[in-house]
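A.B. asks: I'd like to ask some things about the structure below.
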Amino acid sequence: QRLKDEIAEVTNEIENLGSTEERKNMQRNKQVAMGRKKFNMDPKKGIQFLIENDLLKTTCEDIAQFLYKGEGLNKTAIGD
């Protein structure tokens, strides 16, 4: 019986771990989407938001990669 309880407890912990990761990923995706919106309105504020929330590093390479991918970014805002 004790072994069954331990197995059930471990299984429950594993399930909770997976859902916690999913929540973190969803939260991160929401923040990235918010950063894109901010970028499209004001590129400097958008990049600043992404850096402050640890979604983008301050290196030139990372910022260039973000702009190059351009997923959901306004092309005019990229030019600014």
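The values are calculated or read from the model by the stated rules, or taken from the named source; none is laboratory data. Given the structure is predicted, the values throughout are model-derived calculations rather than measurements. Please note: Cβ atoms are built from the backbone with ideal geometry, for glycine as well, and neighbour counts cover all protein chains shown.
A.B. asks: Given the condition part of a helix (DSSP H, G or I), without any contact (Cβ under 8 Å) to a residue 40 or more places away in the chain and within 18 Å of the chain's Cα centre (by Cα), answer yes or no: does some residue in the stretch 69-78 qualify?
C.D. replies: There is at least one residue in the stretch 69-78 that is part of a helix (DSSP H, G or I), without any contact (Cβ under 8 Å) to a residue 40 or more places away in the chain and within 18 Å of the chain's Cα centre (by Cα).
A.B. asks: Hey, can you tell me all the residues within the stretch 43-67 that are over 16 Å from the mean Cα position of the chain (by Cα) and either of a type in the set (D, E, K, R) or modelled with pLDDT under 90 (or both)?
C.D. replies: Listed by number, the residues that qualify are 44, 45, 61.
A.B. asks: Quick one: would you say residue 14 is without any contact (Cβ under 8 Å) to a residue 40 or more places away in the chain and in contact with a Ser or Thr (Cβ under 9 Å, 6 or more places away or on another chain)?
C.D. replies: Considered against the rule, which asks whether it is without any contact (Cβ under 8 Å) to a residue 40 or more places away in the chain and in contact with a Ser or Thr (Cβ under 9 Å, 6 or more places away or on another chain), residue 14 comes out as no.
A.B. asks: Still on this structure, I have one more. Just checking, does the stretch 18-32 include any residue being closer than 18 Å to residue 78 by Cβ and out of contact with any strand residue (DSSP E or B) (no Cβ under 6 Å at 6 or more places or on another chain)?
C.D. replies: yes
A.B. asks: Among the residues of the stretch 38-61, write down those that are surrounded by fewer than 15 Cβ atoms within 10 Å (Cβ to Cβ) and assigned to a helix (DSSP H, G or I).
C.D. replies: Passing the criteria: 41, 44, 45, 52, 60, 61.
A.B. asks: Also, I was wondering about something else. Out of curiosity, is residue 40 modelled with pLDDT under 90 and not charged (D, E, K, R)?
C.D. replies: no
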